[in-house]
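The block underneath contains the structure these notes are about, expressed in structure tokens.
The values are calculated or read from the model by the stated rules, or taken from the named source; none is laboratory data. Because the structure is a prediction, the values reported are computed rather than measured. Ideal geometry is used to build each Cβ from the backbone, glycine not excepted, and the neighbour counts take in all protein chains shown.
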Number of protein chains: 2
Amino acid sequence: MDKSNHKTDEDEAETGRPTLKTLAFMTGLGVTTVSRALKDAPEIGAETRKRVQLVARQIGYRPNRAGVRLRTGKTNVISVVLNTTEQIGGFLSDFIYGISERLAATPYHLVVAPYSHNNDPMEPIRYVVETGSADGIIISRTQPDDPRVRYLTERGFPFAAHGRTAMGIEHAYHDFDNESFARLAVRRLAELGRRRLALLAPPTALTYHQHMRSGFLDEIDRNGLSEVPFSSVSSDNVIDDIRRQTIELMRRTGRPDGIVCGAGGPTFALIAGIEAAGFKLGRDVDLVAKEPFNLLQLVRPEIHVVEEDFRLAGHDLATAVLSRIDDRSAAPMQRLVVPGAVIAPR
Amino acid sequence: MDKSNHKTDEDEAETGRPTLKTLAFMTGLGVTTVSRALKDAPEIGAETRKRVQLVARQIGYRPNRAGVRLRTGKTNVISVVLNTTEQIGGFLSDFIYGISERLAATPYHLVVAPYSHNNDPMEPIRYVVETGSADGIIISRTQPDDPRVRYLTERGFPFAAHGRTAMGIEHAYHDFDNESFARLAVRRLAELGRRRLALLAPPTALTYHQHMRSGFLDEIDRNGLSEVPFSSVSSDNVIDDIRRQTIELMRRTGRPDGIVCGAGGPTFALIAGIEAAGFKLGRDVDLVAKEPFNLLQLVRPEIHVVEEDFRLAGHDLATAVLSRIDDRSAAPMQRLVVPGAVIAPR
DNA sequence: TGGCAAATCTGTAACGTTTCAGTATATTTG
DNA sequence: CAAATATACTGAAACGTTACAGATTTGCCA
């Protein structure tokens, strides 16, 4: 008799994954009631609420993300936008782990949106905002005047940045205090009696280039030291370029006797370059480097190291963007991590 | 007069993000026709198809993922399941980049699902399958008898594994030929006149432990060398444990004069341990290590290195799982990457 | 000319969820 | 005691998409 393709309630109760309808059938309530009961709405009787929640737990009900998303627009997704041509040596793993650890206890999923160097960094940002494919965004490689920050702020889209900006916009960020790092590094080199210092800085476009550079310059000044310019490469360059340019640097007449390096991978190239030019680390020149995990010092104990924790950064940024989503008018989390001491050679 | 809260066609055309309805209004066609036209269905006139597609492109129509997902069950998501307690030194960045590069030109998003060491590795897998939150899964740290592989295979869920299994199941994988790596390494050490070799292997639970170990043992045999057991640690151990155990190893009476190491981070610890015990690399003992990016050799040129490309692995696995989704009955992609030559000290 | 097939297009229903506008029953109030 | 109000629940509609089962038009053949 029943030629329709409507599912009956009983069908519903038997088949595959449970939905609100399944729950409604099992409890004898309406779908609406079940929905409200699951989110502890006050207009549902206490006893009914308990009952629905019990049954839901028993049969392992999980809300259908697509259904929620379609109806409410809420995606329960955080998107982290990464540059795939990023520095080798990969602090990125820890960064991502930090984020996902934070997200693990929440209903949020983490999606990784890449862009390559030749592409527009705005592209993935626009995509996410225009298609509403995430509730929040985490960006890195922040610039002083960052179009992404402007764009996201203008639209009131929740985000957090790894690094600060300088455009008078109050936004959530987590940053490592690279100015202090540079100061610590210079001070250490001064203590070692070094006089002519070079800095292998991040690319000029990034905000923390300025920070690191100004800390470096100011502290050089205070200690009566001089700078040996080394701007032909940045820590973004490929390893081999850095190595070559370091050889170049060391062969100059006014070569440095101390070098500060703000990134992990490039430090390897620096050392290789110094030695290829015939100089000895610790004798002719000292090196203070920033490293995510202190591996380098295991094999080259003569270098000085400051650690930077990227897992913490990920964790922080996830927290920041979540609280941003939760309440867009709340004050954005802004955390500046001060570097620990410079770890000396053993 | 119109007190309903129905949106009229004109409303639709003005407001926010375009949908099929917007397109239908603009072209004067039905929603169904537009939907079919956009996917080049044959029953839509050629001219209409062109027209619809043109308009869609003009106004930047993007299908609503939640709509598609709710209706079809297709998520357009690939989930990569990672162990967050994974080895420091992070080859993971490259792995993830490899995947997302491959996915960039497709409609697929990449979501990272973590699990920590004390948690059940099956948990994220079950979650994805039960909630249908992805169309395919990429797993790593594959075991000879891997419950995840069994589970996914039983349910016909598309996946690809970084590493092989040994349970008579034909599944998609990408693997580095660690047996060949170990052979190459041993051969190199034999050529250098080394006689007593040790192997710092991966954890015994993982499939490639067997591969590496059997290659190592067999090649030792062929070359008339002997093994110095070194099973107190695996490459999964924390850096400091490896360093300590290496000191231990080197202080034994029958200490090795050659060591093979199958992972990047641990090699640093090995070197530190060897030297802490008072021995000199290249003189007392030689080291052949596998490294994702050849950074180590820059600062310790006396070691021998084989490179392993994790970006390629990611790319491959993404391809594999996509083709699996595309056609579940097609033969699974199975790729074994043979190691390149051992890079000698310079 | 009538009939039939092919070509092209369309409306309805459904996926699972939440919101809106109720309804029915019990309880209080004047 | 009627009316107002509070309590507990419910059906219908909508989010954007696609599958299904038509509907309309055109061209062709007997």
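Pull up segment A:128-165, narrow it to residues that are among the aliphatic types (A, V, I, L, M) and within 14 Å of another protein chain (Cβ to nearest Cβ), then point me to the one that is nearest to A:N178 (Cα to Cα).
Selected residue: A:I138.
Looking at B:Y97, B:Y61 in this structure, which one is touching a residue at least 12 places away in the same chain (Cβ under 8 Å), more than 9 Å from chain A (Cβ to nearest Cβ) and not hydrophobic (A, V, I, L, M, F, W, C)? Before the answer, list the steps.
Numbers: B:Y97 fails: more than 9 Å from chain A (Cβ to nearest Cβ).
Within the list B:Y97, B:Y61, the selection yields B:Y61.
Name the residues in segment B:51-79 that are part of a helix (DSSP H, G or I), buried (at least 19 other Cβ atoms within 10 Å of the Cβ) and within 34 Å of the chain's Cα centre (by Cα), would you?
Scanning segment B:51-79 gives B:R65, B:A66, B:R69.
Residues in segment A:277-292 that are without any contact (Cβ under 8 Å) to a residue 24 or more places away in the chain and either surrounded by 19 or more Cβ atoms within 10 Å (Cβ to Cβ) or within 23 Å of the chain's Cα centre (by Cα) (or both): how many?
Here the count works out to 1.
Which pairs do you get when a residue that is more than 14 Å from every other protein chain (Cβ to nearest Cβ), found in segment A:18-39, comes within reach of a residue that is more than 9 Å from DNA strand C (Cβ to nearest atom) and assigned to a loop (DSSP other than H, G, I, E, B), reach meaning Cβ atoms under 6 angstrom, with the pair 6+ apart or on two chains?
From residues that are more than 14 Å from every other protein chain (Cβ to nearest Cβ), the pairs are A:R36/A:I44; A:A37/A:I44.
Between B:A185, B:A160, which is of a type in the set (A, V, I, L, M, F, W, C) and farther than 17 Å from B:I78 by Cα?
Every option except B:A185 fails the conditions.
Collect the residues in segment B:40-50 that are part of a loop (DSSP other than H, G, I, E, B) and either surrounded by 16 or more Cβ atoms within 10 Å (Cβ to Cβ) or modelled with pLDDT of 95 or more (or both), keeping them in residue-number order.
B:I44
Could you go through segment A:211-219 and let me know if any residue there is under 28 Å from the mean Cα position of the chain (by Cα) and under 18 Å from A:E302 (Cα atoms).
no
Considering every residue within segment B:189-200, establish whether at least one is farther than 30 Å from B:M250 by Cα and in contact with a strand residue (DSSP E or B) (Cβ under 8 Å, 6 or more places away or on another chain).
Narrowing segment B:189-200 to residues farther than 30 Å from B:M250 by Cα: none.
No: zero hits.
Out of (1) in a helix (DSSP H, G or I); (2) away from chain A (no Cβ under 12 Å), what's the single condition that is false for B:V233?
(1)
Could you list all residues from segment A:236-262 that are under 28 Å from A:Y97 (Cβ atoms), buried (at least 24 other Cβ atoms within 10 Å of the Cβ) and within 14 Å of chain B (Cβ to nearest Cβ)?
A:I242, A:C261, listed by residue number.
Would you call A:R71 farther than 21 Å from B:V111 by Cα and within 11 Å of chain B (Cβ to nearest Cβ)?
yes
I'd like to verify a number: residues in segment A:171-202 that are within 24 Å of A:F310 (Cβ to Cβ), among the acidic types (D, E) and not in a strand (DSSP E or B), how many?
Residues that pass the stated criteria total 2.
Quick check on my filter: what residues within segment B:15-36 are assigned to a helix (DSSP H, G or I) and near DNA strand D (Cβ under 10 Å from one of its atoms)?
From segment B:15-36, those assigned to a helix (DSSP H, G or I) are B:20-27, B:31-36; that's our starting set.
Matches in segment B:15-36: B:L20, B:K21, B:T22, B:L23, B:A24, B:V31, B:T32, B:T33, B:V34, B:S35, B:R36.
Among the residues of segment A:86-108, is any more than 11 Å from DNA strand D (Cβ to nearest atom), β-branched (V, I, T) and not in a loop (DSSP other than H, G, I, E, B)?
Yes: segment A:86-108 contains one or more residues that are more than 11 Å from DNA strand D (Cβ to nearest atom), β-branched (V, I, T) and not in a loop (DSSP other than H, G, I, E, B).
Filter segment A:109-127 for residues that are more than 10 Å from chain B (Cβ to nearest Cβ) and either under 18 Å from A:L317 (Cα atoms) or assigned to a loop (DSSP other than H, G, I, E, B) (or both) and give the result.
A:H117, A:N118, A:D120, A:P121, A:I125
Do you know which residues across segment B:242-286 are among the hydroxyl-bearing types (S, T, Y) and in contact with an Asp or Glu (Cβ under 9 Å, 6 or more places away or on another chain)?
Of everything in segment B:242-286, just one residue is among the hydroxyl-bearing types (S, T, Y) and in contact with an Asp or Glu (Cβ under 9 Å, 6 or more places away or on another chain), namely B:T267.
Of all the residues that make up segment B:13-43, how many are near DNA strand C (Cβ under 10 Å from one of its atoms), of a type in the set (G, A, S) and more than 41 Å from the chain's Cα centre (by Cα)?
Residues flagged as near DNA strand C (Cβ under 10 Å from one of its atoms), of a type in the set (G, A, S) and more than 41 Å from the chain's Cα centre (by Cα) within segment B:13-43 amount to 3.
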